[in-house]
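Structure first, then comments.
The values are calculated or read from the model by the stated rules, or taken from the named source; none is laboratory data. Given the structure is predicted, the values throughout are model-derived calculations rather than measurements. Ideal geometry is used to build each Cβ from the backbone, glycine not excepted, and the neighbour counts take in all protein chains shown.
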Amino acid sequence: VAGSRPSPGPSGPPSPLLPQAPRLLTRATLSPIPTGQALAARLLAEGAQHGLELSFVWNRDPRRLQSTLPPALRLLDLGALGERSPDLVVEVAHPQIIRDFGAQILSHADLLVGSPSALADPDTERRLLEASRKSGRWVFVARGALWGAEDIARLDACGGLQSLSITMATHPHGFRLEGPLGKGPAEGPRTVLYEGPVRGLCPLAPRNSNTMAAAALAAPSLGFDGVVGILVADLSLVDRHVIDVELKGPPGASGQSFCVRTRRGKPGRAWGGDRHRHPRGLLAQPPG
């Protein structure tokens, strides 16, 4: 988890995510299936040994929770989340949930954003920052499949980052696209569907641009308008998706630039969710 926190509100800085006092920290999950289901199951099975308690799970379709969770853990109305007194709400559902409910959640609990593509919308980002400052609550952003997020953030903070691009490639069936990108099939064995600022991609591929959005947040000097996102449909990647990260620094005295390239390949399609990713991140204490 990449922790980010705006300036504290009048109540002062919030306590660390994992408190030192021996008490239960209640977690709430806003989830799709299967990612949220795996996260909830992990918390139910192992949460107590880490001082964690699952408060509730909410899904846009409550029927999807009937066979997986006891009734006491199902929240039917997200507007009533304050009645459960959660310490942290984990969103792994859809960026629209962050847009619609993010500020409200922050009036009751810290928030882990699992769909950072929502923050490409300037108004959503502004409202979350304002709500965080007012309540003194933390906002966390999941790094997801972004390899080297901390290194990118450190390089950006010291002024050593000039350009950053993220390429995500998978089979066309692995995409959930909207707008003009969702109207036509890919042409040829490998087709570049989009190449440009991440801000422009997020509304067109909200489920397939979260890694790129995380990169834009890790490198605020470039941000959503400066980080380049490239979405590629590749017919050869039937059961795999590949993420390439390339960054460059400013030219040195010799005229040459520092450059790093990484490639992350993962079995499965790009929208399938990573059931091993979130629990480990949830047990990490944020910086500061």
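The numbered conditions (1) under 19 Å from VAL92 (Cβ atoms); (2) hydroxyl-bearing (Ser, Thr, Tyr); (3) touching a strand residue (DSSP E or B) at 6+ places or on another chain (Cβ under 6 Å) are all true for SER163 except (1). Against the test of being free of Cβ contacts under 8 Å to residues at least 24 places away in the same chain and touching a helix residue (DSSP H, G or I) at 6+ places or on another chain (Cβ under 8 Å), the options LEU69, LEU128, LEU76, LEU119 yield a single qualifying residue, LEU76.
Selection of segment 120-165 for residues being part of a helix (DSSP H, G or I) and among the aliphatic types (A, V, I, L, M) yields ALA120, LEU128, LEU129, ALA131, ALA149, ILE152, ALA153, LEU155, ALA157.
Results for (1) modelled with pLDDT of 95 or more; (2) not assigned by TED's automatic domain parsing to the domain that holds ASP100, shown as yes or no for each residue.
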residue	(1), (2)
PRO122	yes, no
GLY182	no, yes
PRO185	no, yes
GLU195	yes, yes
VAL198	yes, yes
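Taken together, the residues in segment 130-165 that are surrounded by fewer than 18 Cβ atoms within 10 Å (Cβ to Cβ) and closer than 22 Å to GLY82 by Cα amount to 3. Under the condition of being among the hydrophobic types (A, V, I, L, M, F, W, C) and either part of a loop (DSSP other than H, G, I, E, B) or not assigned by TED's automatic domain parsing to the domain that holds TRP138 (or both), the residues counted in segment 31-89 number 4.
Among the conditions (1) surrounded by 12 or more Cβ atoms within 10 Å (Cβ to Cβ); (2) modelled with pLDDT of 85 or more, GLN49 misses just one, which is (1).
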